[in-house]
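As structure tokens, the structure follows; a few thoughts come after it.
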Amino acid sequence: MAETINKNKKLLLIDDEKNLLRVVSLNLAKRGFSVNTSLSAEEGLKLFYNNSYDVIICDLRLSGMSGIELLTKVRNADKDGNKNTVFIVITAFGTIKQAVEAIKLGADDFISKPVDISSLVENIDLALRRRNYAKINDFELQKDFDLNGNIFKDFIFKSPQMKEIFNEVALTSKSASNVLITGETGTGKEVLAKVIHILSERNGEFIPINLSAIPEGLMESELFGYEKGAFTGAVSNRKGKLETANGGTLFLDEIADMPLPMQVKLLRVIQDKEFSRLGSNEKIKLNAKIISATNIPLENAVIEKKFREDLFYRINVLHFKIPPLRERKEDIIPLANFFVKKYCVINKKNISAITDSAINLLKNYTFPGNTRELENIIERAVVVSTSDSIMPVHLPKTLAADGGGEAEKFRYTGAASENDDNKININLDGVEMELIKNALEKNNYNQTRTAAVLGITRKRLITKIKKYNLFSDK
């Protein structure tokens with residue numbers, strides 16, 4: 001862990017449990033904090049008004065004034081006096097919902113009882129870094145990813161929305177807190193999860209599991225693993241995803257599709273930080289960062305009783321919502337250029353540019369399939385291109401229908417725009433044949449799937465197959 005910035009910080013600890021106050025304050029003092037304690041929010045508020053504290057840690061449930069009421073008064077004082085105090089709430093299992101509400105009201109984080117001192121210090125360090133973000137030199141962030149070039153691994157962005165998400169990711173990635181990523185299908189939730197894993201500097205692997213692809217009867221053994229003889233067919237011991245991810249990150253994709261009985265078991269694992277393989281009573285400690293993702297609003301699933309409320313609050317400590325591509329059009333061209341380079345390498349092509357007219361079509365398209373759809377479009381464009389540029393003729397007709405008629409005019413006349421700087425006469429039949437042949441091969445000559453990929457009817461596809469004699473040799 002990075003060297004802490006918390007030494008010599010003034011901290012106020014508020015709880016009505018005398019033993020907790022004594023133990024936690026002693027441990028924090030050993031780590032260099034200057035600690036004051038209080039048994040009530042009323043007394044704590046007086047201390048706050050008369051002193052300057054860097055951090056306040058307060059239990060939510062107190063006799064008299066509650067932790068939420070104290071938080072509100074502290075935040076109002078912060079606005080007036082610009083104290084900018086870090087506020088962390090302490091919660092028992094039954095008050096997690098209130099803890100999340102407290103974060104919405106301005107709390108920086110929450111910790112669960114019993115209090116783990118190492119995790120608490122880590123959370124304080126993280127919260128202080130967030131509070132001091134304006135003072136952090138951009139260079140510190142650029143060591144982790146390029147804020148100006150906006151490229152980190154496969155996650156490419158230029159929009160202010162994505163830059164804001166990445167700033168927060170950089171500051172929170174080393175936290176042990178659970179993460180929820182939401183966004184439409186194809187926005188890049190798994191890629192963002194991988195970035196969080198990389199920046200977390202955990203030694204273990206990134207273990208993804210798509211919960212929607214696992215039959216309900218197999219989900220428990222996939223997550224927990226099993227011992228030999230645990231059930232019919234269990235001929236040897238097997239690690240589950242939870243155990244494999246220890247030391248690393250477990251990515252639970254499509255978390256909304258987890259059946260309710262499994263939600264109960266996952267909640268217990270997250271709460272107790274331990275689990276057992278099927279057929280075994282031996283407890284295995286959980287040491288994995290858990291990142292969940294979904295493309296549906298989990299709040300609605302909770303209201304409809306399809307997703308447990310207590311599990312929702314457990315996995316939704318840090319939340320990143322990726323906007324759809326249509327709301328961050330600045331990202332379209334950087335992504336497109338990245339995919340051109342990627343598929344030129346795969347297909348051994350030498351394409352150096354996307355023409356201005358093609359760029360205009362891409363910018364004006366709404367991309368209902370988001371980044372995944374853009375990648376598919378560029379992959380096909382690279383495959384069918386016979387020149388050193390991607391031009392409107394290489395793009396699907398859907399782009400022209402959505403963004404204007406320029407591509408359709410170009411497609412049927414074969415005339416390049418003056419902005420294209422390309423005077424090559426294009427053999428449209430040859431381009432079309434190559435496109436259809438490639439799509440057929442990629443889909444094992446399944447006509448229904450191929451027609452869907454190409455955006456045409458199956459009847460029209462059959463006509464083209466006959467025209468170009470593209471029947472399978474099998």
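Worth pointing out:
- Here Arg326 clears all of (1) of a type in the set (Lys, Arg); (2) assigned to a loop (DSSP other than H, G, I, E, B); (3) farther than 15 Å from Ile390 by Cβ except the condition numbered (2).
- Selection of region 151-197 for residues being touching a strand residue (DSSP E or B) at 6+ places or on another chain (Cβ under 8 Å) and either part of a strand (DSSP E or B) or among the β-branched types (Val, Ile, Thr) (or both) yields Ile165, Val169, Thr172, Val179, Leu180, Ile181, Thr182, Val191, Val195, Ile196.
- The single condition from (1) in contact (Cβ under 8 Å) with a residue 60 or more places away in the chain; (2) within 21 Å of Val317 (Cβ to Cβ) that Ala170 fails is (1).
- Comparison of Asn50, Asn8 shows that the only residue that is at positive phi and either touching a strand residue (DSSP E or B) at 6+ places or on another chain (Cβ under 7 Å) or modelled with pLDDT under 90 (or both) is Asn8.
- Residue check: Leu399 meets all listed conditions (1) modelled with pLDDT of 75 or more; (2) under 18 Å from Ile359 (Cα atoms); (3) surrounded by fewer than 18 Cβ atoms within 10 Å (Cβ to Cβ) but one, namely (3).
- Residue within region 201-211 that is more than 19 Å from the chain's Cα centre (by Cα) and of a type outside the set (Lys, Arg) present: yes
Rundown of residues vs (1) among the small types (Gly, Ala, Ser); (2) free of Cβ contacts under 8 Å to residues at least 24 places away in the same chain; (3) touching a Pro at 6+ places or on another chain (Cβ under 6 Å), yes/no style:
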position	(1), (2), (3)
Gly204	yes, no, no
Ile214	no, yes, no
Lys228	no, no, no
Ala234	yes, no, no
Lys241	no, no, no
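- Taking the criterion of being buried (at least 18 other Cβ atoms within 10 Å of the Cβ) and closer than 13 Å to Ile255 by Cα, the residues of region 179-193 that qualify are Val179, Leu180, Ile181, Thr182, Gly183, Lys189.
Conditions (1) more than 20 Å from the chain's Cα centre (by Cα); (2) modelled with pLDDT of 95 or more, marked per residue:
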residue: Thr232; (1), (2): yes, no
residue: Gly240; (1), (2): yes, no
residue: Gly247; (1), (2): no, no
residue: Phe251; (1), (2): no, yes
residue: Leu266; (1), (2): no, yes
residue: Gln271; (1), (2): yes, no
residue: Gly279; (1), (2): yes, no
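- Residue ID - surrounded by the fewest Cβ atoms within 10 Å (Cβ to Cβ), chosen from residues in region 37-86 that are over 38 Å from the mean Cα position of the chain (by Cα) and not hydroxyl-bearing (Ser, Thr, Tyr): Asn50
- Entirely in region 215-272, the helices (runs of 4 or more DSSP H) that have 2 or more residues that are among the hydroxyl-bearing types (Ser, Thr, Tyr): none
- For region 332-371, the set of residues classified as in a loop (DSSP other than H, G, I, E, B), among the β-branched types (Val, Ile, Thr) and crowded, with 18+ Cβ neighbours inside 10 Å consists of Ile351, Thr355, listed by residue number.
- At least 2 residues being of a type in the set (Asp, Glu) and under 18 Å from Leu105 (Cα atoms) is the threshold, and among the helices (runs of 4 or more DSSP H) wholly inside region 10-91 those reaching it are 67-81.
- Top-ranked residue in region 249-308 [being in contact with a strand residue (DSSP E or B) (Cβ under 7 Å, 6 or more places away or on another chain) and of a type in the set (Phe, Trp, Tyr); ranked as surrounded by the fewest Cβ atoms within 10 Å (Cβ to Cβ)]: Phe275
The values are calculated or read from the model by the stated rules, or taken from the named source; none is laboratory data. Not measured: the values here are computed from a predicted model. Every residue, glycine as well, gets a Cβ built from its backbone with ideal geometry; the counts of neighbours run over all protein chains shown.
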